[in-house]
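What follows is calculated from the coordinates using simple rules that are stated; it is not laboratory data. Quick caveat, the model's predicted, so the values are computed rather than measured. Neighbour counts are summed over all protein chains in view; Cβ atoms, including those assigned to glycine, are modelled from backbone coordinates with ideal geometry.
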Amino acid sequence: MIKEHNLNRVVVASCTPRTHEPLFQNTIKEAGLNPYLFEMANIRDQCSWIHMHEIDGATKKAKDLVRMAVAKARLLEPLENLTIDVDQQALVIGGGATGMVAALELAKQGMKVHLVEREIELGGNMRKLHYLTSGEDPSKLAEALSKEVNSNSNIKVHMQTSVKSIDGYVGNFKTTLDNGERVEHGVVILAVGGQEYKPKGEYLYGVNPNVLTLLEFKEKLKKDEIDGDSYVFIQCVGSREEGYPNCSRVCCTGTMTAAIKIKKKSPDAKVFVLFRDIRTYGFREAYYKEAADSGVTFVRFEDDVRPIVRGTENKLGVAVTDEDTGKEITLTADYLILASGTRPYAESEALAPMLKVPMTKEGFFLEAHMKLRPVDFATEGVYLAGLSHGPKFLEESIGQGLAAVSRAMTILSKKTLEAEGIVANLDETLCDGCGICVPTCEYKALEIIIDKKDEKKKLVDVNVGLCKGCGACVGACPSGALTQKGFRDEQIVAMIDAALESTTEEQEVRQ
Ligand SMILES: Cc1cc2nc3c(=O)[nH]c(=O)nc-3n(C[C@H](O)[C@H](O)[C@H](O)COP(=O)(O)OP(=O)(O)OC[C@H]3O[C@@H](n4cnc5c(N)ncnc54)[C@H](O)[C@@H]3O)c2cc1C
Ligand code: SF4
Ligand code: SF4
């Protein structure tokens, strides 16, 4: 229709610009029109969704929105997307399973990778797991992956190193490491992981040496340092509690692996699992069944009636009120194993402002959109995967790491990128270099520079690679030197006039 009618503007009144604006813009571009000669009236989110029970009012508002979009469309002008060069290297922060797999996959696709790991060895939690339900030993896989990473000529491993600062933007990041080294890269994959929650004295942890967390117990089991014939597991320690309401996802299956292992080693051992819910989701349910079939006893307790642990000289005593019968059962155990949850590292918080990415209130990193952009951050060129995003199984972390790589490759596979055309624009004749706008920019896109044409004059410089076109600086500039392309004053005023016109017409009709 653009070609047939020789259209020079397109207004769409449907759906939401968040998901559909780029789609329509690409479509009109294919038909030969500049993509910025497009305007959208968001009559879904702003009318049909929020006023679904006020049909007449919503219809009137939809008409107003269309009229406003048309008024602005008349004043739209073609904008150019700037071209930015891409540094085809990646920075991966964190050398656990997720970070190692991501680095190797990027390297296999021909990219240079900087892998930054703060500890003395690669592998993270994978080294502590020892047993998987599949029978594999993840600590061996960690060793093999670590060797592969270290011998890959495309990967530069920075051991015992952390990130000090990150500057730049998609395609052109400049990172300073805490050893003073500077690395340049086009994308970041954040894989800083998480850790096992260490109980704060719950159930005699730290008091009695035979009260262990699940990972501590597995370590001892692996080293053949466990000697006993009675075991009690308590689930959800440090998870699904006040202050930390999330399920840690992996601990129920981890408990099944350990319980089955004990039963295989000593079939007569007494093994009890005290739980609130068993969350061996999906096909992992088979391991719950296997544990039950091998003689593991499951006792459910109520949320607010927690087991009580007493330490005797040789044995531990665990009193639990069975939810089914309401009766208290007293168990004796050589070992009490606490299924401790997964928590983020407190130090990871420092990375959030450097990368300009959000975190959940629990301290994990938050993706841009759970369904539409599950491994992206809103900050372009920064991706996340693994435990730093939340508790998940090894294979889920690896899968997410590979997903982050495929997203990162959409940037790294190109030599240049097109930057957003709607950016702040400076009228140098009006700018007096006062700098009021600089702190208003969340994206650090503004800085005060000396005017090249007049050394006595200061000016603000807009880094269009960083600018997200939010308009905050435009509102702050007292001289009117900054304007936002695609949202100029005349365009906004035309929309307001169109809105007021309809109100005036309505008043006249009423009179
Ligand atoms: C208690 C617990 C029990 C688990 N049980 C199971 C299980 O039974 N089965 C299963 O499949 N999975 C289990 N998992 C999950 C599994 O361990 C992970 O999914 C997997 O190891 C991937 O982790 P990751 O690489 O994302 O993070 P991590 O293993 O945490 O690795 C992150 C790496 O980043 C490094 N790092 C951290 N901060 C920085 C920084 N600022 N700068 C540089 N480097 C940094 C760390 O030193 C570490 O090497 C468990 C996890 C935990 C915590
Ligand atoms: S996986 Fe099981 S033990 Fe872990 S928090 Fe969830 S329900 Fe509790
Ligand atoms: S429009 Fe927003 S992102 Fe761009 S320079 Fe101004 S404040 Fe920064």
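Some values worked out for this structure:
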{"quantity": "Percent of C-alpha pairs per 10 Å bin, the chain, short to long", "calculated": "4, 15, 20, 19, 16, 12, 9, 4, 1, 0"}
{"quantity": "Cα pair distances in region 290-403, grouped into 5 Å bins until the bin that holds the longest one, percent each", "calculated": "2, 9, 14, 14, 12, 8, 9, 12, 10, 7, 3, 0"}
{"quantity": "Spherically averaged projected area in nm², based on the convex hull that wraps the Cα atoms of region 1-120", "calculated": "12.9"}
{"quantity": "Area projected by the alpha carbon convex hull of region 10-79, averaged over all directions, nm²", "calculated": "4.5"}
{"quantity": "Only Lys, Arg (+1) and Asp, Glu (-1) charged, at Cβ; the chain dipole about Cα centre in debye", "calculated": "820"}
{"quantity": "Cleavage-rule hits (GluC sites (Glu not before Pro)) in region 414-487: DSSP loop, at most 15 neighbouring Cβ within 10 angstrom", "calculated": "GLU428, GLU442, GLU455"}
{"quantity": "Count of lysine pairs in region 414-490 with Cα separation under 23 Å (8 or more residues apart, or interchain)", "calculated": "9"}
{"quantity": "Alpha-carbon centroids, region 278-327 and region 214-261: separation in whole Å", "calculated": "11"}
{"quantity": "Computed [θ] at 222 nm, deg cm²/dmol, the chain (DSSP H ≥ 4; -39,500 (n - 2.57); rounded to nearest 500)", "calculated": "-9000 deg cm²/dmol"}
{"quantity": "Sum of side-chain charges, ASP293 neighbourhood, beta-carbon under 13 Å (Lys, Arg +1; Asp, Glu -1)", "calculated": "+1"}
{"quantity": "Using alpha-carbon coordinates, inclination of helix 138-151 to the longest axis of the chain, degrees", "calculated": "50"}
{"quantity": "The chain: Cys lacking any partner C-beta under 4.7 angstrom", "calculated": "CYS15, CYS47, CYS236, CYS247, CYS251, CYS252, CYS431, CYS434, CYS441, CYS467, CYS470, CYS477"}
{"quantity": "Gap separating the Cα centres of region 330-408 and region 130-189, nearest whole Å", "calculated": "16"}
{"quantity": "Size descriptor, Kirkwood hydrodynamic radius, that averages inverse alpha-carbon separations across region 220-331, Å", "calculated": "14.9"}
{"quantity": "Using alpha-carbon coordinates, inclination of helix 17-30 to the longest axis of the chain, degrees", "calculated": "50"}
{"quantity": "Ratio of Rg to Rh over region 359-511 (Cα coordinates, Kirkwood Rh, two decimals)", "calculated": "1.14"}
{"quantity": "Between 0 and 90°, nearest 10: helix 251-265 axis offset from the chain longest Cα axis", "calculated": "30"}
{"quantity": "Whole-Å semi-axes of region 424-484's equivalent ellipsoid (Cα gyration tensor)", "calculated": "18, 12, 10"}
{"quantity": "Count, lysine Cα pairs under 15 Å in region 202-339, 8 or more residues apart or across chains", "calculated": "17"}
{"quantity": "Qualifying lysines (Cα of each under 16 Å from Cα of LYS63; at least 8 residues distant if same chain)", "calculated": "LYS72"}
{"quantity": "Within the chain, percent of DSSP bridges classed antiparallel, to nearest 5", "calculated": "50"}
